[in-house]
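Below: one structure in C-alpha cells.
All of the numbers you see were taken from the coordinates with simple rules; none came from a lab. All of these numbers come straight from a predicted model, not from anything done at the bench. Please note: Cβ atoms are built from the backbone with ideal geometry, for glycine as well, and neighbour counts cover all protein chains shown.
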Amino acid sequence: MTEIERHDYDVLVIGAGGAGLRAAIEARERGLRVAIICKSLFGKAHTVMAEGGCAAAMGNVNDNDSWQVHFRDTMRGGKFLNNWRMAELHAKEAPDRVWELETYGALFDRTGDGRISQRHFGGHTYPRLAHVGDRTGLELLRTMQQRIVALQQDDHAATGDYEARLRVFAECTVTELLTGPPDDPDRPGAVAGALGYWRESGRLVQFSAPAVVLATGGIGKSFQVTSNSWEYTGDGHALALRAGAELIDMEFVQFHPTGMVWPPSVKGILVTEGVRGDGGVLKNSDGKRFMFDYVPDVFKGQYADTEDEADRWYDDQENNRRTPDLLPRDEVARAINTEVKEGRGSPHGGVYLDIASRMPADEIRRRLPSMYHQFKELADVDITAEPMEVGPTCHYVMGGIHVDPDTGQSRVPGLFAAGECAGGMHGSNRLGGNSLSDLLVFGRRAGLGAADYVSGLDHRPAVQPADVDAAAWMTLAPFDPPSAGPGGTDAAAGAGENPYTLHAELQRMMNDLVGIIRTESEARDAQERLGELRGRVRQVFVEGHRQYNPGWHLALDLRNMLMVSEAVASSALLRTESRGGHTREDHPGLDPEWRQRVLVTHLARDGGTDDLVLPQVVVEPGERAPMRPDLLALFDHAELEKYYTDAELTAHPGHPA
Ligand code: FAD
C-alpha cells in the first residue's frame with residue numbers, strides 16, 4: 001500500500017499563473033481555506049513570460065476607447081466565434097482589474113500626464129495594452145504573489161499561522177482529479193479533490209476539497225516549434241476531460257507570427273508583438289513590406305493601403321488607418337508562411353522584422369529591453385542595428401474547458417476553470433494582450449464562483465478510496481514494466497517505450513500534420529499516428545526511482561498531451577472551413593454555417609471511460625448560442641453579413657424588413 005500525504009481545503013487552485021493566483025486571492029478574501037498547487041516553482045508560471053501587456057479599454061492614450069470598442073475588436077479578432085458573454089464581461093471588467101493590480105502594488109508605465117500608459121497591439125483599434133516595458137507578466141505575477149504574502153501575514157496576525165487559510169504547494173504535480181459518489185442524489189460525480197506528487201521526492205499527495213479551480217495554462221508542448229515552456233502539457237484540459245467535463249474549440253491553436261527562427265536551439269522563442277506595436281515592420285527578402293498584400297476581405301477598408309499612411313498612423317490615429325503589420329495574429333502568421341513558401345524568406349526560413357531602421361537605438365533599448373537582450377545573447381543579433389529573423393511559433397490555445405461565463409464552472413459540479421485552459425473567450429483567434437486581462441477577469445470570477453459554490457453546500461462530496469487507489473496506481477504505472485494493470489487493456493509486455501522518444505515523435509507529427517496549415521488527409525493521418533502513439537504511450541517505462549525523475553514526470557505529462565492532441569486533430573478534421581487559428585487548405589474560406597457550430601470534446605460514453613490510463617476521446621458538433629441582440633447591434637449590419645447567415649441577422653435592428 002503506497003503511503004499518501006493528505007490535506008483538506010475548501011478550494012484547490014491548480015496552477016499558480018495569473019489566473020490561478022487571482023482565483024486564489026478571491027476565494028481566500030471570501031473567507032475560504034485555499035491551497036494553490038503548481039508543478040513549477042512559485043513565481044515561475046507562464047504568465048511571467050508575457051511581454052507586451054494587458055488589454056483594457058481605459059482610454060488613457062485615446063479617449064475614444066470604451067468597452068464596446070474592445071468588445072467589437074475581440075469578437076472580430078475571434079472571427080465571431082467567441083462566447084459573446086465572456087467577451088462582454090472581459091471588455092467591461094478589464095479596466096477595474098488593472099486598477100486593482102495597482103492597489104496590490106503594481107506599477108505600470110506612465111503617460112506624460114501620469115496615467116497608465118497603453119500601447120498598440122494587433123487587432124486593437126486604440127492603444128490599449130497597459131504594460132511595464134516588455135516585462136508585463138512579471139509585474140502582474142510579482143504583484144499577485146505580494147498580495148498573497150499580505151493575506152498570509154493577515155492570517156498570521158489572526159491565527160499565529162501564515163498558512164492557516166492560504167498555502168502554496170510548489171513543485172507538486174496533480175495527476176488526477178477525484179470525484180464524489182456517482183449516485184450522490186444532489187450532485188452526482190461532483191469534484192471531491194485531487195491526487196498529485198511532489199516532484200522532488202516523488203511522494204504522493206491527496207487533497208480533499210469540494211471545489212477545484214483549474215488554471216493550468218495551455219498545450220504548446222505538444223508541438224515542436226513553440227513559445228511555450230515545459231509546463232504547457234495540457235494537464236488541466238486532460239484532467240477536466242477525465243473528470244467528466246467537456247472541451248470546446250480545440251481546433252483553434254494560435255501560431256504567433258513572430259518567433260525566433262535561428263539558432264535552432266532557440267527556435268520558437270517569442271518575439272513580442274510589442275515590436276510591431278512600437279513601429280517595427282515585416283519585410284521579405286526583397287525588402288518589401290509584404291503585409292499590404294495580405295489584408296483579407298473581412299478587414300478591407302480598416303487597414304492602411306500605403307506605407308506612408310501606415311507610418312503616419314503611429315502618431316495620428318484619427319486621420320489614418322492602422323498598419324497591416326498589426327492585423328490579427330492568424331492573418332500575419334499565414335502571410336509569413338506564404339512568403340517563406342514562395343521563396344521570399346530569410347536565410348533561416350523566416351522573414352525580417354525591422355525596428356532598427358525605424359527608431360533610435362536608445363529608444364529601442366528603452367522600450368524593448370528584453371527583446372534587445374534576447375537577440376543579443378541568444379542569436380548574437382543587435383536589433384538596434386539589424387533586422388530580426390522571425391517565423392510562426394505555436395503560442396496559445398483558444399480551445400479549452402467549457403465553462404459558464406459568469407462563474408467559470410464546468411459541467412462537473414465544483415469544477416471551475418480560468419485562464420488559458422478555459423475555452424470560449426477568444427473564439428477562433430486571441431488578440432494579443434487579451435490573455436493577461438482574461439486571467440484577471442475570469443480568475444477573479446472563478447475564485448468567486450468556487451467560493452459561492454462551497455458556501456452553498458450542505459455536505460461535501462466524499463473522496464472514494466477506490467478512486468484514490470486507481471489514481472495512485474496510474475501515477476506510478478510508468479515504473480512498472482509494460483503489462484495490464486487496473487483498467488489497462490494492453491497485456492503485451494516488452495522493453496517499454498522511452499517517454500522522450502514518444503514526445504519528440506508527437507511534437508513533430510503535430511507540427512507537420514495539424515500545424516499552421518491543415519488538410520483533410522493530413523488530419524486523418526494525424527489521427528492514425530495518434531492511434532499508434534496511444535498504444536505506445538501505454539507501454540512507457542521509466543527506470544530509476546521516484547526522487548526527482550524527469551523521465552517519470554514526462555511519462556505522466558505524455559498521456560495528457562496525447563489526449564489533448566487527439567482533441568485538436570479530430571476537431572481540425574471536422575471543421576471544414578478556415579477561421580482564425582484553424583486553416584484548412586482544402587476549405588480556404590469562412591463558412592457562415594460553421595460559425596454556428598461548436599466542436600465539443602468529451603470522453604466516449606460507451607465504455608471509453610473504463611480505460612484509466614488513456615480513456616477514449618470523442619469530438620462532436622454542438623450549437624453555439626446566438627448573440628444577445630443589444631450586443632449584435634453594436635456592429636454594422638454590413639460587417640456582420642461577412643460572417644453571419646441571413647437568418648441569424650433578423651435580430652439586428654438594421655436588418656431589412
Ligand atoms: P500559466 O501562467 O502558465 O500558469 C499555469 C500554472 O499551472 C503554472 O503554475 C503551472 O506550474 C501549473 N500547472 C500546470 N499543470 C499542472 C499540474 N498538472 N499540476 C500542478 N500545476 C500545474 N498574453 C498577453 O495577454 N499579453 C502578452 O504580452 C503575452 N505575452 C506572452 C509571451 C510569451 C512568451 C508567452 C508564452 C505567452 C504570452 N502571453 C501573453 C500569453 C499569456 O502569458 C498566457 O496565456 C497566460 O499567462 C496563461 O496564464 P494562466 O494563468 O492560464 O497559466
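How far apart, in nm, are the 7 Å Cα→Cβ label points at SER229 and LYS376?
So the two model labels end up 2.2 nm from each other.
Something else now. Kindly express, to the nearest 10 degrees and within the range 0 to 90, the angle between helix 465-476's C-alpha long axis and the longest C-alpha principal axis of the chain.
Helix 465-476 and the main axis of the chain meet at about 60 degrees.
Report Rg(Cα)/(2.2 N^0.38 Å) for segment 374-458, keeping two decimals.
For segment 374-458, the normalised Cα radius of gyration is 1.58.
So which of LYS267/LYS376; LYS79/LYS267; LYS79/LYS300 end up more than 26 Å apart by C-alpha?
LYS79/LYS267
I'd like to compare 297-307, 134-144, 325-335: which one has the highest average count of other Cβ atoms within 10 Å, and what's the full order after that?
With the highest mean Cβ count within 10 Å placed first, the list reads 325-335, 134-144, 297-307.
For an R0 of 51 angstrom, estimate the FRET efficiency from the Cβ-Cβ distance between ARG344 and GLU200 and round to the nearest 0.05.
For ARG344 and GLU200, the calculated efficiency is 0.55.
A follow-up question, please. Between ALA647 and ALA604, what FRET efficiency follows from the Cβ-Cβ distance if R0 is 51 Å, with the result rounded to 0.05?
The formula returns an efficiency of 0.95 here.
Further, regarding this structure: Over segment 5-51, what portion of Cα pair distances is larger than 18 Å, expressed as a whole percent?
Percentage above 18 Å: 31.
GLU318 versus ASP96, label points 7 Å from Cα toward the beta carbon: distance in nm?
Label at GLU318, label at ASP96, 3.2 nm between them.
Let me ask you something else. Using a simple spin-label model with points 7 Å from Cα along the Cα→Cβ vector, what separation in nm is obtained for ARG365 and ALA495?
Inter-label distance under the simple model: 5.4 nm.
How far, in degrees from 0 to 90, does helix 136-159 lean away from the longest principal axis of the Cα atoms of the chain, to the nearest 10?
Tilt relative to the chain: about 40 degrees.
Count the DSSP beta bridges whose two residues both fall in the chain, then state the antiparallel fraction as a percent rounded to the nearest 5.
Here the share of antiparallel DSSP bridges comes out near 65 percent.
Report the relative contact order of segment 275-336, percent, no decimals, based on alpha-carbon pairs under 8 angstrom and at least 6 residues apart.
33
Determine the relative contact order of the chain: mean sequence separation of Cα pairs under 8 Å and six or more apart, normalised by residue count, in whole percent.
The value is 19 percent.
How big is Rg to Rh over the chain, alpha-carbon atoms, Rh as the Kirkwood inverse-mean-distance radius?
Result for the chain is an Rg/Rh of 0.96.
Tell me, in nm to one decimal, what length is gained between GLU5 and ASP183 on full extension, where the rule is 0.36 nm per residue of separation less the Cα-Cα distance?
Separation in residues times 0.36 nm, less the Cα-Cα distance, equals 61.3 nm.
Next up: Given LYS92/LYS221; LYS44/LYS221; LYS221/LYS341, which pairs have Cα atoms separated by over 27 Å?
LYS92/LYS221
Hey, another quick one. What is the distance in Å between the Cα centroid of segment 348-401 and that of segment 530-596?
About 29 Å separates the Cα centre of segment 348-401 from the one of segment 530-596.
Between GLU528 and SER285, how high is the FRET efficiency from 1/(1 + (r/R0)^6) when r is the Cβ-Cβ distance and R₀ = 41 Å? Nearest 0.05.
0.65
I'd like the orientation of helix 84-104 relative to the chain: the angle between its Cα long axis and the longest Cα principal axis, in ° from 0 to 90, rounded to 10.
For 84-104 against the chain, the angle is about 90 degrees.
May I pose another question? Using Cβ counts within 10 Å as a stand-in for footprinting exposure, how do SER222, SER265, SER578, SER201 rank, fewest first?
Starting with the residue having the fewest Cβ neighbours, the order is SER265, SER201, SER578, SER222.
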